[in-house]
Amino acid sequence: MQHKLNLYNTLTRKKELFEPLHAPFVGMYVCGPTVYGEPHLGHARSAVTFDVLYRYLKHLGYKVRYVRNITDVGHLENDADEGEDKIQKKAKLNHLEPMEVAQYYRNIYQQEMAKLNVLSPDIEPRASGHIIEQIELIKEILANDLAYEVNGSVYFDVQAYDKAHNYGKLSGRIIEDLLNNTRTLEGQDEKRSPLDFALWKKASPTHIMRWPSPWSDGFPGWHLECSAMSRKYLGTNFDIHGGGLDLMFPHHECEIAQNQASHDHSDGARYWIHNNMITLNGQKMGKSLGNFINLSELFSGNHDLLEMKYSPMTIRFFILQAHYRSTLDFSNEALQAARKGYTKLMNGLRVLEKLKYTEEAAEPDEKLNVDLLKLSEDCFRGLNDDLNTAKTIASLFNLLKKINSLYLGQVPMASLARGTFDTIRETYQKLVLDVLGLQEEPMGDAEEILELVLNFYKEAKEAKAYDKVDIIRAELKKQGIVIKDLKSGIDWAYEE
RNA sequence: GGUAACGUGGCCGAGUGGCUAGGCUCAGCUCUGCAAAAGCUGCUACAGCGGUUCGAAUCCGCUCGUUACCUCCA
């Protein structure tokens with residue numbers, strides 16, 4: 001087993017050997033989507049990145065508990081506290097119950113992620129289902145004198161916290177700099193400092209999403225849910241916390257502060273991992289910029305910027321061909337190249353299924369065997385080096401060249417030792433299918449292919465080649481399809 | 001303004017001191033009824049300038065350019 005996984009930890013700004021607290025168990029928490037809009041390419045990148053991490057950890061033999069939350073409450077439209085909840089805003093527009101909006105987009109998110117072959121997390125908790133836990137957490141922070149209540153709202157006291165702890169240690173921010181550069185925003189009269197953030201907000205009379213609490217009828221603050229839910233399901237000290245780079249500050253910074261300010265006095269996670277953004281013409285693709293492409297648009301090709309539709313596996317491969325900490329630039333050209341690369345890997349899978357090791361007349365070429373084993377190792381070396389899937393894919397292509405040569409007989413099978421052959425086959429199949437999570441997509445249109453067969457059937461009939469006619473009928477019957485010779489022509493139906 | 005990154009060949013994208021990244025594109029060859037696939041070969045690189053070093057895409061400095069975070073965002 002290849003047990004030398006190194007991960008870049010944002011907290012220490014270094015690549016570190018990954019060692020779980022309680023091996024073989026691994027706890028992993030990833031910030032999921034706020035469900036008020038359609039999932040886009042950016043969501044896909046985050047989900048795919050951590051999906052591969054999840055898959056690889058499992059491949060290494062760890063028993064992973066993967067928690068990815070659904071945020072269905074509490075994100076305000078802007079920093080002015082008069083701002084509306086995003087989900088509430090959407091609900092009002094469409095005369096829906098807020099939970100209807102959240103459920104609607106949650107369903108779409110899960111469907112699209114399934115298309116991308118992203119495994120479901122082990123627990124997918126919703127913020128709205130953990131109000132009690134969040135209230136308890138606020139009580140703890142209040143008890144530690146690191147929060148204060150004003151008019152039914154509770155705020156985190158960043159400066160008080162910073163005296164004993166280091167606020168900004170994750171994102172590398174210095175509190176004086178933050179203070180010097182804060183903008184003056186409206187509606188912040190209640191806060192003692194502009195850096196303070198809400199733990200609980202009293203709901204205005206028009207705010208529909210509200211829950212009772214010791215302080216007011218209201219709703220929890222923006223960062224609280226992840227602290228509360230990660231603690232509930234993974235404990236106060238767990239292994240990995242992931243999310244998009246844009247969540248590093250303030251979201252994850254505040255999360256750490258909340259964790260430290262609670263009774264637990266811990267950062268929560270030990271390894272903080274952030275995936276970089278997808279860019280469009282060199283600019284970040286984001287909801288607020290309005291330049292994002294939905295996954296459904298990508299899959300259907302229905303978008304002005306798209307020259308064609310791109311399949312889910314093309315997207316997945318596109319994401320994996322870059323390292324997760326680099327920005328990845330979207331373009332039609334890049335996606336079309338990704339499509340071909342993906343196809344190439346899939347063809348390799350098919351070749352491997354057909355390849356058989358032949359025992360007789362084996363005269364191993366020692367150098368070749370050594371080279372092939374090294375290529376197999378390289379595939380893993382990429383993953384171990386901070387989940388460098390780009391490296392791994394490059395190594396897989398190198399391996400694939402040899403596999404194709406074997407298939408064509410350019411390299412005789414007899415020159416391989418049995419163990420070498422088994423190793424390269426297992427490496428290729430395991431990595432492509434299980435770890436990278438790529439899968440074959442049905443190519444072509446089945447009905448059109450059937451149409452083609454029916455044409456041959458028709459020709460055979462006309463030529464009175466009844467042996468061929470019988471074969472076609474029999475083979476299609478195996479597929480559950482019967483041919484119907486009608487006066488009007490040839491048709492088919494499902495076998496009843 | 002503060003902070004942090006980045007700038008690699010026609011395109012995408014790895015690579016942190018010396019060893020071919022890889023994919024896509026393009027050209028040639030092998031194979032082939034034609035083609036495709038596959039294999040082989042080739043092509044155009046490390047923003048600029050200076051420094052450290054036997055040796056730098058890789059370390060340091062400066063210049064130019066781009067971006068991100070500092071406000072909801074994966």
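The values are calculated or read from the model by the stated rules, or taken from the named source; none is laboratory data. None of the values given here were measured: they were computed from a predicted structure. When we count neighbours, we look across all protein chains shown, and the Cβ atoms used for this are built from the backbone with ideal geometry, even at glycine. We work out accessible area using only protein heavy atoms, side chains counted, and drop any ligands, DNA or RNA first. Shrake-Rupley method; radii C 1.70, N 1.55, O 1.52, S 1.80 Å.
Of all the residues in region A:332-347, those that are within 6 Å of RNA strand B (Cβ to nearest atom) and open to solvent by less than 40 Å² (accessible area, probe 1.4 Å) number 2. Can you work out which of the residues in region A:232-274 that are in contact with an Asp or Glu (Cβ under 7 Å, 6 or more places away or on another chain) and among the charged types (D, E, K, R) is surrounded by the fewest Cβ atoms within 10 Å (Cβ to Cβ)? Among residues in region A:232-274 that are in contact with an Asp or Glu (Cβ under 7 Å, 6 or more places away or on another chain) and among the charged types (D, E, K, R), the one surrounded by the fewest Cβ atoms within 10 Å (Cβ to Cβ) is A:Lys232.
Quick one: what pairs do we get from region A:124-138, first residue outside any helix (DSSP H, G or I), second not hydrophobic (A, V, I, L, M, F, W, C), C-beta under 6 Å, 6+ apart or different chains? Sorted first by the residue in region A:124-138, then by its partner, the pairs are A:Glu124/A:Arg68; A:Pro125/A:Asn69; A:Arg126/A:Asp72. For region A:469-496, a residue qualifies if it is without any contact (Cβ under 8 Å) to a residue 12 or more places away in the chain, part of a helix (DSSP H, G or I) and more than 45 Å from the chain's Cα centre (by Cα), and the qualifying residues are A:Asp470, A:Ile471.
Report yes if some residue within region A:47-66 is over 29 Å from A:Leu298 (Cβ atoms), open to solvent by 20 Å² or more (accessible area, probe 1.4 Å), within 16 Å of RNA strand B (Cβ to nearest atom) and touching a residue at least 60 places away in the same chain (Cβ under 8 Å); otherwise report no.
Here is the first cut: in region A:47-66, the residues over 29 Å from A:Leu298 (Cβ atoms) are A:60-63, A:65.
Then drop every residue that is not open to solvent by 20 Å² or more (accessible area, probe 1.4 Å), which leaves A:61-63, A:65.
Filter once more, so that each one left must be within 16 Å of RNA strand B (Cβ to nearest atom): none.
Within region A:47-66, none of the residues are over 29 Å from A:Leu298 (Cβ atoms), open to solvent by 20 Å² or more (accessible area, probe 1.4 Å), within 16 Å of RNA strand B (Cβ to nearest atom) and touching a residue at least 60 places away in the same chain (Cβ under 8 Å).
Is there a residue in region A:248-262 that is within 16 Å of RNA strand B (Cβ to nearest atom) and either within 20 Å of A:His40 (Cβ to Cβ) or in contact with a Lys or Arg (Cβ under 6 Å, 6 or more places away or on another chain) (or both)? Write out each step before concluding.
Step one: list which residues in region A:248-262 are within 16 Å of RNA strand B (Cβ to nearest atom), which gives A:248-258.
From what's left, either within 20 Å of A:His40 (Cβ to Cβ) or in contact with a Lys or Arg (Cβ under 6 Å, 6 or more places away or on another chain) (or both): A:248, A:251.
Within region A:248-262 (the criterion being within 16 Å of RNA strand B (Cβ to nearest atom) and either within 20 Å of A:His40 (Cβ to Cβ) or in contact with a Lys or Arg (Cβ under 6 Å, 6 or more places away or on another chain) (or both)), the answer is yes, since at least one residue qualifies.
Number of residues in region A:271-299 that are out of contact with any strand residue (DSSP E or B) (no Cβ under 6 Å at 6 or more places or on another chain) and farther than 19 Å from A:Leu328 by Cα: the value is 1.
Of all residues in region A:414-454, which are polar (S, T, N, Q) and either farther than 19 Å from A:Gly341 by Cβ or assigned to a helix (DSSP H, G or I) (or both)?
Residues of region A:414-454 polar (S, T, N, Q): A:415, A:420, A:423, A:427, A:429, A:439.
Of everything in region A:414-454, those that are polar (S, T, N, Q) and either farther than 19 Å from A:Gly341 by Cβ or assigned to a helix (DSSP H, G or I) (or both) turn out to be A:Ser415, A:Thr420, A:Thr423, A:Thr427, A:Gln429.
Can you give me the number of residues within region A:288-302 that are surrounded by 14 or more Cβ atoms within 10 Å (Cβ to Cβ) and in a loop (DSSP other than H, G, I, E, B)? Looking only at that region, the number is 3.
Within region A:99-123, the set of residues being buried (at least 16 other Cβ atoms within 10 Å of the Cβ) and among the acidic types (Asp, Glu) comprises just one member, A:Glu112. Are any of the residues in region A:286-304 modelled with pLDDT of 90 or more and near RNA strand B (Cβ under 8 Å from one of its atoms)? No, region A:286-304 contains no residue that is modelled with pLDDT of 90 or more and near RNA strand B (Cβ under 8 Å from one of its atoms). Considering region A:194-216, and only residues there that are aromatic (Phe, Trp, Tyr) and away from RNA strand B (no atom under 16 Å from the Cβ), the residue that is nearest to A:His95 (Cα to Cα) turns out to be A:Trp211.
Out of A:Ser395, A:Ser405, one residue alone is in the same structural domain as A:Lys309 (by TED's automatic domain parsing), among the small types (Gly, Ala, Ser), closer than 27 Å to A:Ala47 by Cα and in a helix (DSSP H, G or I). It is A:Ser395. Please specify each residue of region A:377-397 satisfying the condition of being farther than 14 Å from A:Arg325 by Cα, open to solvent by less than 30 Å² (accessible area, probe 1.4 Å) and hydrophobic (A, V, I, L, M, F, W, C). Residues satisfying the conditions are A:Cys379, A:Phe380, A:Ile393, A:Leu396.
Is it fair to say A:Asn166 is under 21 Å from A:Trp272 (Cα atoms), away from RNA strand B (no atom under 12 Å from the Cβ) and not in a helix (DSSP H, G or I)? So A:Asn166 fits the description; yes. Selection of region A:75-90 for residues being more than 9 Å from RNA strand B (Cβ to nearest atom), at pLDDT 60 or above and out of contact with any His (no Cβ under 9 Å at 6 or more places or on another chain) yields A:Lys89, A:Lys90.
Inside region A:310-323, residues that are near RNA strand B (Cβ under 8 Å from one of its atoms) and either assigned to a helix (DSSP H, G or I) or open to solvent by less than 10 Å² (accessible area, probe 1.4 Å) (or both) make up a count of 1.
Look at (1) more than 16 Å from RNA strand B (Cβ to nearest atom); (2) out of contact with any Pro (no Cβ under 9 Å at 6 or more places or on another chain) and you find that A:Tyr233 fails only one, number (2). Every test in (1) under 28 Å from A:Gly301 (Cβ atoms); (2) more than 12 Å from RNA strand B (Cβ to nearest atom) is passed by A:Leu373 save one, and that test is (1).
Cβ-Cβ contacts under 9 Å between residues 6 or more apart (or on different chains), taken from a first residue in region A:160-172 that is closer than 11 Å to A:Ala257 by Cβ to a second residue that is open to solvent by 70 Å² or more (accessible area, probe 1.4 Å) and among the acidic types (Asp, Glu), are listed as A:Ala160/A:Asp145; A:Gly168/A:Asp177. Out of the residues in region A:398-414 that are open to solvent by 50 Å² or more (accessible area, probe 1.4 Å) and within 9 Å of RNA strand B (Cβ to nearest atom), state the one that is nearest to the chain's Cα centre (by Cα). Here the residue is A:Asn398.
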